[in-house]
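Visitor: Sharing a structure here in C-alpha cells format.
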Amino acid sequence: MIIIANWKANPKTVKEATALARNIERSMRAGKNTEVVVAPPYPFLSAIGMVLKKTKLGAQNSFWEDTGPYTGEVSWRHLKNLGVRYVIIGHSERKKYSGETDIMINKKVRVLLENGITPILCIGENKKRKTGISSEIARNLRTALLGVPAKHLSRLIIAYEPVWAISTNPGSRPDTPDNASRVSRFMRSVLSRMYGRAAIRNLRIIYGGSVHSRNIRSYLDEGMMQGALVGKASLNAQEFLEIVRRAHG
Ligand code: PGA
C-alpha cells in the first residue's frame with residue numbers, strides 16, 4: 001500500500017514546507033506494508049529531503065531528457081540526485097495549465113522506469129459519466145504505456161484520478177468507492193490484454209480525488225485500491241497522519 005502527499009504549489013515558503021514535513025515525520029507510524037511519500041514543489045525538495053526519514057521523497061513532474069539545452073526543465077537525473085524515488089506523472093493539472101500531452105507523458109514514464117524511479121501515472125476522465133466507463137481511460141492508458149516492457153510493470157503505480165472529483169476543481173463532486181473499484185477492474189482488464197495477467201499482478205492502482213481520513217478506508221476496502229494520492233488533505237499534518245493511520249487498518 002502506498003499513500004502519497006501531493007502538495008501541488010503549496011505551501012508558500014520553505015519554512016512552512018519544512019515545518020509541515022517535520023510535523024508529518026514526527027508522528028509518522030508507517031506500517032510494514034505501507035509506504036508514505038511526500039511530493040513537495042521542486043524548490044523545496046532538498047530541504048524536505050533532509051527532514052524525511054520514515055517518509056520517502058517524491059516529485060510532481062520530471063523532464064524526460066537527462067541534461068542539456070532545455071531551459072526551465074528539471075530532469076529525472078536531477079531528481080534522482082536529490083534522492084527522489086517517486087514522480088507523479090501526467091496529473092490533470094499539468095495537462096490543463098502546462099499543455100502536457102499523452103506523448104510527453106509516455107516519454108516521461110518510459111525514462112523513469114528505465115532509470116529506477118517509480119512513476120505515479122495519473123489517469124482519469126474529465127467528465128463524470130452517467131453510465132459506463134469513459135473510453136478516455138483505455139486510450140490514455142495505452143498511449144502512456146507505449147513501448148513500456150512488461151518487466152517494468154511491477155514498479156509502475158497508476159493513480160485513478162477522476163478530474164471531476166478533485167477537491168479544488170470548481171463544482172467537484174465526490175466519487176464513490178463503487179465507481180473506483182469498477183474503474184480499477186477495467187484498468188486491470190485493459191492492461192492484462194496488453195501484457196497478460198502475470199505481468200500486472202504486482203502493479204498498484206491507487207485512488208486520487210478528495211481523499212480524506214473519513215473516506216480513505218472505503219476506497220481501500222470497497223474501492224479495492226492499493227493506496228491514495230492525497231492533495232488538499234495532505235497540507236494538514238494531523239489530517240494526513242490520520243489518513244495514513246487509517247490506511248494501516
Ligand atoms: P485532492 O487532489 O485530494 O485535493 O482532491 C487530488 C489530486 O489532484 O492529486
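Visitor: Could you say whether any residue in segment 194-205 is away from the ligand (no atom under 16 Å from the Cβ), open to solvent by 20 Å² or more (accessible area, probe 1.4 Å), assigned to a helix (DSSP H, G or I) and not aliphatic (A, V, I, L, M)?
Guide: Yes, the conditions are met somewhere in segment 194-205.
Visitor: Suppose we filter 31, 49 for residues that are at pLDDT 95 or above and either under 14 Å from the mean Cα position of the chain (by Cα) or small (Gly, Ala, Ser) (or both); which single one remains?
Guide: Numbers: 31 fails: at pLDDT 95 or above.
On inspection, the qualifying residue turns out to be 49.
Visitor: Out of all the residues in segment 151-174, which are among the basic types (Lys, Arg) and either in contact with a Pro (Cβ under 7 Å, 6 or more places away or on another chain) or farther than 20 Å from residue 187 by Cα (or both)?
Guide: 173
Visitor: I've got another one for you. When only residues in segment 1-19 that are at pLDDT 95 or above, hydrophobic (A, V, I, L, M, F, W, C) and more than 15 Å from the ligand (Cβ to nearest atom) count, which is nearest to residue 228 (Cα to Cα)?
Guide: Keep residues of segment 1-19 that are at pLDDT 95 or above, which gives 2-19.
Retained after the next criterion (residues that are hydrophobic (A, V, I, L, M, F, W, C)): 2-5, 7, 9, 14, 17, 19.
Applying the additional criterion that residues be more than 15 Å from the ligand (Cβ to nearest atom) yields 14, 17, 19.
Working: 14: 25, 17: 21, 19: 23 Å.
Among those that are at pLDDT 95 or above, hydrophobic (A, V, I, L, M, F, W, C) and more than 15 Å from the ligand (Cβ to nearest atom), it is 17.
Visitor: Taking residue 182 as meeting all but one of (1) under 20 Å from residue 134 (Cβ atoms); (2) charged (D, E, K, R); (3) part of a loop (DSSP other than H, G, I, E, B), write down the number of the exception.
Guide: (3)
Visitor: I'd like the full set of residues that are under 24 Å from residue 48 (Cβ atoms) and without any contact (Cβ under 8 Å) to a residue 40 or more places away in the chain, limited to segment 193-215.
Guide: Selection gives 211, 212, 213.
Visitor: Follow-up. Could you grab me the full set of residues in segment 138-174 that are within 16 Å of the ligand (Cβ to nearest atom), touching a strand residue (DSSP E or B) at 6+ places or on another chain (Cβ under 8 Å) and under 21 Å from residue 219 (Cα atoms)?
Guide: 157, 158, 159, 160, 161, 166, listed by residue number.
Visitor: Does segment 231-249 hold any residues that are open to solvent by less than 20 Å² (accessible area, probe 1.4 Å), more than 10 Å from the ligand (Cβ to nearest atom) and of a type outside the set (A, V, I, L, M), and which are they?
Guide: 240
Visitor: I would also like to ask the following. When only residues in segment 208-230 that are near the ligand (Cβ under 9 Å from one of its atoms) and open to solvent by less than 20 Å² (accessible area, probe 1.4 Å) count, which is farthest from residue 149 (Cα to Cα)?
Guide: So the residue we want is 211.
The values are calculated or read from the model by the stated rules, or taken from the named source; none is laboratory data. Everything numeric here is computed off the predicted structure, so don't read it as measured data. Because the Cβ atoms are built from the backbone with ideal geometry, glycine has one as well, and the counts that use them run over all protein chains shown. Keep in mind that these areas ignore ligands, DNA and RNA; they rest on the heavy atoms of the full protein, side chains included. Shrake-Rupley method; radii C 1.70, N 1.55, O 1.52, S 1.80 Å.
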